[in-house]
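Here is the structure we will look at, set down as structure tokens.
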Amino acid sequence: MITAIDTNVLIDIFVGDKKFAEKSAAALQKCLNNGAVLACEIVWSETASVFHNVSQFNSIINSLSIQFSPMNSNATLLAGSFWQEYRKKGGPKNRIAADFLIGAHALAQCDCLLTRDRGFYRKYFKNLKIIDPSVQ
């Protein structure tokens, strides 16, 4: 099983979120036990921003065996079509293209997405299997 991971799960773990860190870490470990865990470039860069430097980020992310997985062209085009549909239906601008890129990466290149943002992804990526650590 190949699992894409969302930024919110990694941030939970790395900043020690009182409500979600333990559940997020357990869900991540379960996904790692079941196969590869991949992070697209959006998640990679958003997560790196909570570290003091790139060296620290690389050390920790590598210790977790999370792999960098750039989006392929099919995933980016899929994200564009989902975002276009969302905007045509009057979706507010508080959801930016990055959210659609993360979802499309998971849908096109992985088997599921580990995220706490299940409402958004379930609404716009109906065929994407969601693993939500907050309900585990």
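What do you reckon, is Ser63 among the hydroxyl-bearing types (Ser, Thr, Tyr), within 15 Å of the chain's Cα centre (by Cα) and on the phi < 0 side of the Ramachandran plot? Against the criterion (among the hydroxyl-bearing types (Ser, Thr, Tyr), within 15 Å of the chain's Cα centre (by Cα) and on the phi < 0 side of the Ramachandran plot), Ser63 does not qualify. Applying a threshold of 8 Å to beta carbon distances and a minimum spacing of six or more residues, or different chains, the list of pairs starting in the stretch 65-91 at a residue that is within 14 Å of Ile42 (Cβ to Cβ) and ending at one that is of a type in the set (D, E, K, R) and modelled with pLDDT of 90 or more reads Phe68/Glu41; Pro70/Glu41; Met71/Glu41.
Look at the stretch 1-13: where a residue is over 19 Å from Met71 (Cβ atoms) and a partner is among the charged types (D, E, K, R) and surrounded by fewer than 20 Cβ atoms within 10 Å (Cβ to Cβ), sitting 6+ places away or on another chain with Cβ atoms under 6 Å, you get Met1/Asp111. Out of the residues in the stretch 120-136 meeting the condition of being in contact with a strand residue (DSSP E or B) (Cβ under 9 Å, 6 or more places away or on another chain) and of a type in the set (Phe, Trp, Tyr), tell me which one is nearest to Leu10 (Cα to Cα). Of everything passing the filter in the stretch 120-136, Tyr121 is nearest to Leu10 (Cα to Cα). Taking the stretch 1-17 as the range and being at pLDDT below 95 and either of a type in the set (Ser, Thr, Tyr) or at positive phi (or both) as the test, only Gly16 passes. Selection of strands (runs of 3 or more DSSP E) fully inside the stretch 1-77 by the criterion of at least 2 residues being buried (at least 17 other Cβ atoms within 10 Å of the Cβ) returns 2-5, 36-39.
Here is a yes/no grid of residues against (1) modelled with pLDDT of 95 or more; (2) over 17 Å from Asn8 (Cβ atoms):
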position: Ser63; (1), (2): no, yes
position: Pro70; (1), (2): yes, yes
position: Gly80; (1), (2): no, yes
position: Arg118; (1), (2): no, no
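Consider the stretch 109-136 and keep the residues that are in a helix (DSSP H, G or I) and over 13 Å from the mean Cα position of the chain (by Cα). The one that is surrounded by the most Cβ atoms within 10 Å (Cβ to Cβ) is Tyr124.
The values are calculated or read from the model by the stated rules, or taken from the named source; none is laboratory data. Bear in mind the structure is a predicted one, so any value in this text is a computation, not a measurement. All Cβ positions, even for glycine, are placed from backbone atoms using ideal geometry, and neighbour counts span all protein chains on display.
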